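Accompanying notes for the structure given below.
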Amino acid sequence: MASTTEPTIVKKEDEEEEDSKPSAEDEDTGAQIAPIVKLQEVPVSTGEENEDILLDLKAKLYRFDKDGNQWKERGVGTVKLLKHKESGKIRLVMRQNKTLKICANHLVLPTMTVQEHHGNDKSCVWHAADFADGELKEETFCIRFPSVENCKSFKDKIEEITESLAKDSGESEEGNTAAELIDKLSVGGKEKEEKREAEEAPSSSEEKKEEKKDENEKQEKSGDEK
């Protein structure tokens, strides 16, 4: 019996040794395989290259659905306030995380007001003409921040911008009004000058007639004397 069992044990050991040896497919040859298709890096434009970041905060955005009379989530991501380097216009832009899909995209106007949402000091609401979906639509937004400090920073920055825009708009209107007054004064002065010249024109004509009459009388007198 011993002679029959020994070969069996040896065979199993041989099989285990063969299994432990790496196969030709598993062996690392160290050769480097070049990719079939070589991909080139393509610069991606976000449209924010010519803008300075005034504010950058993480938040969750909601949009009020008038038809369903309820708030609907627009996405979780980063809300930014961007100022254009040339025009000076400021807009609010929010993109979703990972996909970078635009949730909100609208200008910050002097009339924009941000209010606390139903006593929640981490959320605030506002109304704007939004262009996130490729067409201009009147929307009511609600944004919620992770902390009270972030929400306060957002509200304070919006108020600072709107006050500055309102001030600039007021100064521009005053400048336009002053220019209009100057134009009116200039036009009025010009009209008066033209009227005065028109009034003086007949008098100068009469003077010429009188001078000619005097010359004729002198000529007649000299003729009589002769």
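Here the 3J(HN,Hα) profile of the stretch 148-161, calculated from phi with Karplus coefficients 6.51, -1.76 and 1.60 at θ = phi - 60°, is 5, 4, 5, 5, 5, 4, 5, 5, 5, 5, 4, 5, 4, 5 Hz, Gly and Pro shown as x. Among Thr111, Thr78, Thr162, the sequence by solvent-accessible area, most first, with a 1.4 Å probe is Thr111, Thr78, Thr162. Each of Val79, Val148, Val42 has its accessible area taken with a 1.4 Å probe; listed largest first, they run Val42, Val148, Val79.
Across the stretch 93-98, rounded Karplus estimates of 3J(HN,Hα) from the backbone phi angles (6.51 cos²θ - 1.76 cosθ + 1.60, θ = phi - 60°) give 10, 10, 10, 6, 5, 6 Hz, Gly and Pro being marked x.
Cross-linked pairs Lys58/Lys101; Lys72/Lys152; Lys38/Lys101; Lys122/Lys157; Lys89/Lys157: Cα-Cα separations exceed 18 Å for Lys72/Lys152; Lys38/Lys101.
Placing Ser147, Ser45, Ser164 in order of accessible area, with the largest value first and a 1.4 Å probe, yields Ser45, Ser164, Ser147.
May I ask you to derive the FRET efficiency for Lys98 and Ser164 from their Cβ-Cβ distance with R0 = 45 Å, giving the value to the nearest 0.05?
Here the calculated transfer efficiency is 0.85.
Note on Lys60: accessible area is roughly 50 Å² with a 1.4 Å probe, heavy atoms of protein only.
The values are calculated or read from the model by the stated rules, or taken from the named source; none is laboratory data. Keep in mind it's a predicted model, so treat the numbers as computed, not measured. Please note: Cβ atoms are built from the backbone with ideal geometry, for glycine as well, and neighbour counts cover all protein chains shown. The accessibility values were calculated without ligands, DNA or RNA, using every heavy atom of the protein model including side chains. Shrake-Rupley method; radii C 1.70, N 1.55, O 1.52, S 1.80 Å.
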